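The values are calculated or read from the model by the stated rules, or taken from the named source; none is laboratory data. Treat the numbers as computed from the prediction; the structure is a model and nothing was measured. Virtual Cβ from ideal backbone geometry, glycine too; neighbours counted across all protein chains shown.
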Amino acid sequence: MSTTDEIRIVTTPDAFRAACDEARGRGQRVGLVPTMGALHEGHVALAREAARHASFVAVSIFVNPTQFGPNEDLARYPRDLAADVASLRGLAHLVFAPEPTAMYLPGDETRVRVGPLAAHLCGPFRPGHFEGVCTVVTKLFALVGPCAAVFGEKDFQQLAIVRRVAADLFLPVEVVAHTIVREPDGLAKSSRNAYLSPQDRVRALCLSRGLRTAVDAFRGGERRAGVLRRLARAEVDAGADRVDYVEITDPATIQPIPAEEAVARALLAIACHIGKTRLIDNVVLGEDGL
């Protein structure tokens, strides 16, 4: 355990649990922001949102190995704990920064299985990803105890799945959503944006352009799911090296909506590769702007 300015840093699950219990013992409500580090303005916004729901803000910084596939970027995922803690000054009271061996004990074999919410969008392209996410999030919820946990809507499918896990397992957690934080030109804030070359950074705007094109058409009266999807896909195809999906789904179930169906509210989600970097973005038609 150590202290950086007024932020307490703990590295063991027992110390994390004790610190959250102590806060509640003082009459404080605990807010949790689970992250994998490489913090940016989007994460800072999540911490601010947590402070609106709680008087004691805890941020976990843990690059969770079980949510990465064998060919994904676990080894090169950016790690800079000192910079992350500095970005949280004045916002967080506690940082939990464990080693993988602290979160996955010798002989570890328990996983939280995910159901149909993971069957589409990122699920088929990242086998085991959501199982890893839900396992580590459940571990964090078990350690923190009653709290408000804040997640960003950029990972909309993840948010829906975490809400389902908390409800299904009767976890004493209020899952709070925060809107996507974007760069001035529309690119969604992401730790993986750091991988982009200047040229790829420009091409990455195809995601927000695709979303905006569909939003504009929706606002103009277009409701056919297939047409809205094609409009977004055309923009993404023009900039991406590979497209995993451009899909319109029900926001609650993450089930695809047939092309011929008219939509009043729908999730338009994109995942594509710019160079070697996989990016995601989304908008809820009928609810969000960009």
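In the stretch 121-140, how many residues are in a loop (DSSP other than H, G, I, E, B) and either hydroxyl-bearing (Ser, Thr, Tyr) or crowded, with 18+ Cβ neighbours inside 10 Å (or both)?
Final tally of qualifying residues: 2.
Mind checking which residues of the stretch 194-204 are assigned to a helix (DSSP H, G or I) and either touching a residue at least 12 places away in the same chain (Cβ under 8 Å) or not assigned by TED's automatic domain parsing to the domain that holds Ala271 (or both)?
Matches in the stretch 194-204: Ala194, Tyr195, Asp200, Arg201, Arg203.
Out of the residues in the stretch 236-251 that are among the small types (Gly, Ala, Ser) and not in a loop (DSSP other than H, G, I, E, B), which is farthest from the chain's Cα centre (by Cα)?
Ala238
List the number of the failed condition for Ile254; all other conditions in (1) crowded, with 21+ Cβ neighbours inside 10 Å; (2) part of a loop (DSSP other than H, G, I, E, B); (3) without any contact (Cβ under 8 Å) to a residue 40 or more places away in the chain hold.
Result: Ile254 fails condition (3) only.
Where the second residue is surrounded by fewer than 24 Cβ atoms within 10 Å (Cβ to Cβ) and among the acidic types (Asp, Glu) and the first is outside the structural domain of Leu211 (by TED's automatic domain parsing) and in a loop (DSSP other than H, G, I, E, B) and lies in the stretch 266-287, which pairs have Cβ atoms under 6 Å and are six or more apart or on separate chains?
Short answer, once both residue conditions are applied: none.
Scan the stretch 163-191 for residues that are under 18 Å from Ala51 (Cα atoms) and surrounded by 18 or more Cβ atoms within 10 Å (Cβ to Cβ) and jot them down.
Listed by number, the residues that qualify are Val173, Val175, Val176, His178, Ile180, Val181.
Just give me the residues in the stretch 37-55 being out of contact with any strand residue (DSSP E or B) (no Cβ under 7 Å at 6 or more places or on another chain) and of a type outside the set (Val, Ile, Thr), in sequence order.
Across the stretch 37-55, the qualifying residues are Ala38, Leu39, His40, Glu41, Arg48, Arg52, Ser55.
Is the stretch 169-183 home to any residue that is at pLDDT 95 or above, farther than 20 Å from Ser60 by Cα and in contact with a Leu (Cβ under 8 Å, 6 or more places away or on another chain)?
yes
Filter the stretch 232-251 for residues that are more than 20 Å from His120 (Cβ to Cβ) and surrounded by 18 or more Cβ atoms within 10 Å (Cβ to Cβ) and give the result.
Glu235, Gly239
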